[in-house]
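Here is the structure we will look at.
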Amino acid sequence: MPLLPVRWRWLVASGFLLCAPIVAGMAWLVLTALFDRVHGLVPAGPLAPENWAFVGSPSVGGRPPAVVALLNSVLFSFAVAAVEIVVASMAAYAISRLHFPGRSLYLAVVLVLHAFPAVSLLIAIFYILRVLGLFDTLVGVILVKTALELPLGIWLMKGFFDFLSWEMEMAALVDGMSRWGVFWKVALPMVRPGLLALGTFALLSAWGEFILPFTLIVSSRSWTLATYLQSFLTEAFTDFGMVAAVGLFYALPVLVLFGLGQRYLLNLYGGGVKG
Amino acid sequence: MRGIEVRLEGLSKHFGRVVALRSLDLEVRAGEMVAFLGPSGCGKTTTLLLVAGIYRPTTGAIYFGDRRVDGLHPRDRDVGMVFQSYALYPHLTLFENIAFPLRLKRRPEAEVRAKVSQTAELLGIGHVLDRRPGQVSGGQQQRAALARALVKEPQVLLLDEPLSNLDAQIRLQARAEIRRLQRDLGVTTILVTHDQAEALAMADRVAVFSTGEVQQYATPLELYQRPQNTFVAGFVGHPPMNVVRGRLEGGTFEADGWRCRVPRVSYRGEGYLGVRPEDLRVGGEVEARVLVAETLGREQLVTVRVGATELKLLAAQADGFAADSVVKLDIPPDRVHLFDAAGRRIG
């Protein structure tokens, strides 16, 4: 790693400075979750394991057990990521490779859809889910979240497919592959970095999603961690220690995921465009 | 491996409103090597992809022997193809790349191993089979692509600009090698190229394409000696033929400010005179002013002005051509090519 030129060091320093508030916020979260009292960023009391009581308790004040919310969040995020990867890669491949009537119109519409703020659609979505009988179900929220994420996914994957060499696919056709086989065994493996990026973004976006599960799910057995956390904030007396603990509990799986996949992900961001 | 006859009948291809290929009739004899030559966008690659089955023709038919194939999927046509970019699978070793078509046909492992190593030996890449495409030279990639096309012993071999990504030196070597291999195997081959030297050197016959049509389909020598129209005349040969617009009258050709004797033809009126730079000599009656002389090494390319016309001639390096000097040009009547006003050959 070459040392930065001296005149750039102030730039790096100010970069760190800009990050400071966020880092401080994270530190506060961790400290508040662990200690009884915190003054600023200095622990002022003994360790407070009681903040974590929610983990084991079957159900507190109409809430589901934390494990149920956790499992719902995991199910929700992975389902959104999986469906989005499948649908977006197929749609993007068709747009990138096949000539069909209305192709450019379709692309434009997809982009416009992405520009729609999800909140402005909430009431309409509510009615649609009611009619379909999917209101208050995890499946319904998964479908809505996936639909809202799809435009970005399609555009991202289209970029990756556009970058692929046509000749490679022609070669596979001449070598004896079916059209479907070419997509599955030649094109998809070559856009693996794209699929990984899309999957990561979808997963994180779904994990952090609040407004959709909050509005479209009522029954506590279908809550995700986001709604679970929110329920602590609206109580008459807010126990910051416990809220912080729940927040940390909410963030931990993502951190663990990053820890495990770090090497893979860094590789993805560094060399994603190499093809 | 025995080649098969390929016949194209009334073949055309439209992309929306763009006509890429216009009613093409052409046959390639069994075991023959034919080159499709032309500038980019002339329809030669479109034709190749129609034969391969990547595109479907808008009209017309394609026959391999007696079998009509234009409705068949590429895999049912039994063709091998080499692409300009080689299109090797980057994540597979050369061995797996070459084995790919056989694996798709679910051939037994022993047969795959035997055929791959046999084909690789034939092409001299047996020692790099365990490497990936990114780890071998361009020449070796090109051979691997050729091996992949040949390993399934196709009846028809299609080559799309196979040499254009090679260094000039390796290109000459690869040219001779492909030609020798093609003859030994007897596989019917179509080569698409924009490089006339490649087409003339490698092919038994050459089809010259322009604007979606075949301008002439003949042996390399015939293309050179009897170009059928002004496009072929100007496209084949290096440096290109001088093609001059003027009037044909009896046994003379008259251009802007000068005239010369030509063979007597019945055609009268507007037309073109073509004469190759190597056929022009000094020592005749046409007065010309030297503009510039470029040294090519063995000879020199001299640009002269005759009347309002610029002509190029090839002369021995020893001859002196001082700029602005006046020379007498000889345009041998038995060496000129005459074309009518539409550019078609006369006589």
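The set of residues in region B:241-254 being among the small types (Gly, Ala, Ser) and either part of a helix (DSSP H, G or I) or modelled with pLDDT of 90 or more (or both) consists of B:GLY246 alone. Among residues that are outside the structural domain of B:ARG268 (by TED's automatic domain parsing) and either surrounded by 14 or more Cβ atoms within 10 Å (Cβ to Cβ) or modelled with pLDDT of 95 or more (or both), B:ARG335 is not included.
Residues that are surrounded by fewer than 17 Cβ atoms within 10 Å (Cβ to Cβ) and closer than 16 Å to B:GLY274 by Cβ within region B:295-329 comprise just one, B:GLU310. Flag: A:LEU129 matches the condition of being touching a Phe, Trp or Tyr at 6+ places or on another chain (Cβ under 6 Å) and either within 14 Å of chain B (Cβ to nearest Cβ) or open to solvent by less than 90 Å² (accessible area, probe 1.4 Å) (or both).
All of B:LEU72, B:LEU49, B:LEU37, B:LEU94 fail the test of being at the interface with chain A (Cβ under 8 Å from one of its Cβ atoms) and on the phi < 0 side of the Ramachandran plot, apart from B:LEU49. Of the residues contained in region B:139-149, one or more are found to be without any contact (Cβ under 8 Å) to a residue 40 or more places away in the chain, closer than 21 Å to B:TYR89 by Cα and not basic (Lys, Arg).
Checked against (1) away from chain B (no Cβ under 14 Å); (2) out of contact with any Gly (no Cβ under 9 Å at 6 or more places or on another chain), A:ALA171 passes all but a single condition, namely (1).
The residues in region A:156-168 that are surrounded by fewer than 17 Cβ atoms within 10 Å (Cβ to Cβ) and more than 14 Å from chain B (Cβ to nearest Cβ) can be counted, and the count is 2.
Counting only strands (runs of 3 or more DSSP E) that fall entirely inside region B:275-347 and contain at least 1 residues that are of a type in the set (Val, Ile, Thr), the qualifying elements are B:281-295, B:299-306, B:309-316, B:326-330. Tallying residues that are open to solvent by 60 Å² or more (accessible area, probe 1.4 Å), of a type in the set (A, V, I, L, M) and out of contact with any helix residue (DSSP H, G or I) (no Cβ under 8 Å at 6 or more places or on another chain) within region A:43-66 yields 0. Meeting the requirement of 2 or more residues that are free of Cβ contacts under 8 Å to residues at least 40 places away in the same chain, the helices (runs of 4 or more DSSP H) wholly within region A:1-105 are A:6-34, A:66-97. At least 1 residues being open to solvent by less than 20 Å² (accessible area, probe 1.4 Å), under 15 Å from B:TYR86 (Cβ atoms) and of a type in the set (Asp, Glu) is the threshold, and among the strands (runs of 3 or more DSSP E) wholly inside region B:123-240 those reaching it are B:156-160.
Among the residues of region A:125-140, none qualifies, meaning not one is part of a helix (DSSP H, G or I) and of a type in the set (S, T, N, Q).
The values are calculated or read from the model by the stated rules, or taken from the named source; none is laboratory data. Predicted model only: the values in this text are computed from it and were never measured. Methodologically, a virtual Cβ is constructed for each residue, glycine included, from the backbone with ideal geometry; neighbour enumeration extends over all protein chains shown. These accessible areas exclude ligands, DNA and RNA; they are computed on the full protein's heavy atoms, side chains included. Shrake-Rupley method; radii C 1.70, N 1.55, O 1.52, S 1.80 Å.
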